[in-house]
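**Q** I'd like to ask some things about the structure below.
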Amino acid sequence: MASILLWLLGVIIATEGGVVRPQVEAQKTIFILAGQSNMAGRGGVANVWDGVVPVQCRENPSILRLSAGLEWVEAKEPLHRDIEATETGIGPGMAFANRILKKKPELAVVGLVPCAVGGTNISEWERGRELYNHMMRRAKASVRSGGSISALLWYQGESDTINLTDAQAYGTRLRKFFSDVRADLQSPLLPIVQVALASGIGPYVETVREAQLGMDLLNLRTVDAKGLALESDGLHLSTPAQVHLGQMMADALLRFLPTPSHAQAPHPNQAPPPQRPS
């Protein structure tokens, strides 16, 4: 009993004031959340967020969030509230994290690094530009006190559906973006889970989707959001859809077997070999 009380006291001290202390931080499995508004979260937002938090998105002391001030705090919705000036609501991040911990409790602590900004074109995420640099600063700050970056979660492309030139260039720009992120994080096989568009601002949604679904990088999985319920604006995913998407992204990541650098790499969409009967 004494040991349990001491453990509880340590947890209280480690999270005092909402800021998580180093002894808790060091265990983190970190995920970067980047893209535009459907990653930042507009679930439940009309003019303002309705404040409804589904059970799958509830707070969990084992889920942390890197604040705008680069401090680890206990995560709660909306995850991007201090990253974007626009009103944010439910996104896929908390549902993703809760699902990961439910399936893999041995991970102990999940750290989320929100970086998404609504209304952004893929060209604004090029290496050297403000959004890319901001994401890299946050990603590098996230590991200073311990932990490791385990994957990039990416949902973007609605703004690239407006004109044909951007839509046709999307695949090339996206491939370079993924390559640059891996290079700058010194993780050439960093797992990436991207989302194929459910909607778009312009008429070239299918052109962008084709580029997303046709991306064949190693350790990349694509989750298709097409058909998920949208808010009344016809662009942003509803709260239930965001919950479902977060769980789909978690399931995609849990199926990952990252390819060791010394091993022969399988095709990214290749099914795993059948297991031998035990």
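**Q** I need the phi-derived Karplus couplings for the range 38-53: 6.51 cos²θ - 1.76 cosθ + 1.60, θ = phi - 60°, integer Hz, Gly and Pro marked x.
**A** Here the 3J(HN,Hα) series is 6, 7, 4, x, 10, x, x, 9, 9, 8, 10, 5, 7, x, 7, 10 Hz.
**Q** If packing is taken as the average count of other Cβ atoms within 10 Å, what order do 81-90, 148-157, 54-63 fall into, highest mean first?
**A** Descending packing order for the listed peptides: 148-157, 81-90, 54-63.
**Q** Could you look at the range 58-198 and say what percent of its accessible area is carbon and sulfur, using a 1.4 Å probe and all protein chains?
**A** Carbon plus sulfur share of accessible area: 47 percent.
**Q** Report the local net charge at L190: Lys and Arg +1, Asp and Glu -1, summed over other residues whose C-beta lies under 13 Å from its C-beta.
**A** 0
**Q** Calculate, for the range 154-228, the solvent-accessible area per residue in square angstrom, rolling a 1.4 angstrom probe over the heavy atoms of the protein chains.
**A** That works out to 39 Å² per residue.
**Q** For every other residue with a beta carbon closer than 11 angstrom to the beta carbon of A46, add +1 if it is Lys or Arg and -1 if Asp or Glu, then tell me the sum.
**A** Net charge around A46: -3.
**Q** Quick check: from the Cα gyration tensor, does the range 33-132 come out rounded (a/c under 1.5), prolate or oblate?
**A** Taking the square roots of the gyration eigenvalues as a ≥ b ≥ c, the range 33-132 is oblate.
**Q** I'd like to compare 107-118, 177-188: which one has the highest average count of other Cβ atoms within 10 Å, and what's the full order after that?
**A** Taking the mean over residues of other Cβ atoms within 10 Å, the ranking is 107-118, 177-188.
The values are calculated or read from the model by the stated rules, or taken from the named source; none is laboratory data. Bear in mind that the values here come from a model prediction, so they are computed numbers and not experimental data. Positions of Cβ are generated from backbone atoms using ideal geometry, with glycine treated the same way; all protein chains shown enter the neighbour counts. To get the accessible areas, we keep the full protein, side chains included, count just its heavy atoms, and leave off ligands, DNA and RNA. Shrake-Rupley method; radii C 1.70, N 1.55, O 1.52, S 1.80 Å.
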